[in-house]
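Peer 1: Have a look at the structure that comes next, please.
Please treat every number below as a calculation from the coordinates, not as lab data. A quick note: this is a predicted structure, and the numbers were derived from the prediction, not measured. Ideal geometry is used to build each Cβ from the backbone, glycine not excepted, and the neighbour counts take in all protein chains shown.
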Amino acid sequence: MYLNNDLNLFCSTIERDSKSGMLIEAKKYKVILTQSNRFGRLLPLLLNVPDHEGIRIHACNTYKGSTGCILVGNLEGKDFVANSRVTERKIVDLMKEATDIFLNIIA
């Protein structure tokens with residue numbers, strides 16, 4: 001994940017559903033911060049994801065803990081990210097300061 005057109009990598013992501021293996025369609029998505037009932041904290045939510053609802057950016061180390069969300073952290077292997085809670089908190093804090101947030105997913 002890159003932020004604000006910065007060419008320096010901010011963090012790594014895992015974007016796979018543990019049940020279906022589906023990935024989020026490559027396109028630009030509006031993102032808002034909302035309280036997640038499931039996680040009990042403020043998290044980024046992607047809007048208008050085709051064929052999916054409730055796609056969030058959040059901490060988790062492997063896609064096996066995901067139902068299609070974007071998991072963030074430092075890449076530690078093919079399907080594993082570390083420091084995911086720290087990375088999630090940094091993203092949420094940065095997004096609190098922003099007005100319009102978009103995520104451009106590139107295939």
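Peer 1: For Cα extents along the principal axes in Å, one of (1) 36, 26, 25; (2) 34, 30, 29; (3) 41, 41, 20 was computed from the structure I shared and the rest are decoys. Which label?
Peer 2: Here the calculated entry is (2).
Peer 1: When the distances between all Cα atoms of region 63-107 are binned every 10 Å from zero, what whole-number percent does each bin get?
Peer 2: The distribution over region 63-107 is 22, 49, 27, 2, given as percents.
Peer 1: Here's another thing I want to ask about it. Under 5 Å between amide hydrogens, which residues at least 5 positions from L42 or on another chain qualify, with H placed 1.01 Å from N in the peptide plane?
Peer 2: For L42, whose amide H was placed from the backbone, the distant partners under 5 Å are S36.
Peer 1: Place a +1 charge on the Cβ of each Lys and Arg in the chain and a -1 charge on the Cβ of each Asp and Glu, then give the dipole magnitude about the Cα centre in debye, rounded to the nearest 20. Present the calculation step by step, with values, prior to reporting the outcome.
Peer 2: Numbers: 14 positive and 12 negative charges, 51 e Å.
Value, rounded to 20: 240 debye.
Peer 1: Residue by residue through region 87-95, which ³J(HN,Hα) values in whole Hz follow from phi under the Karplus form 6.51 cos²θ - 1.76 cosθ + 1.60 (θ = phi - 60°), with glycine and proline marked x?
Peer 2: My calculation for region 87-95 gives 5, 4, 4, 4, 5, 4, 4, 5, 6 Hz in order.
Peer 1: What list of ³J(HN,Hα) values in whole Hz, one per residue of region 68-75 in order, does the Karplus curve 6.51 cos²θ - 1.76 cosθ + 1.60 (θ = phi - 60°) give from phi, with Gly and Pro shown as x?
Peer 2: In residue order, the calculated couplings are x, 6, 9, 9, 10, x, 9, 4 Hz.
Peer 1: Label points 7 Å out from Cα along the Cβ direction at L33 and V86: separation in nm?
Peer 2: If labels sit at L33 and V86, their model points lie 2.1 nm apart.
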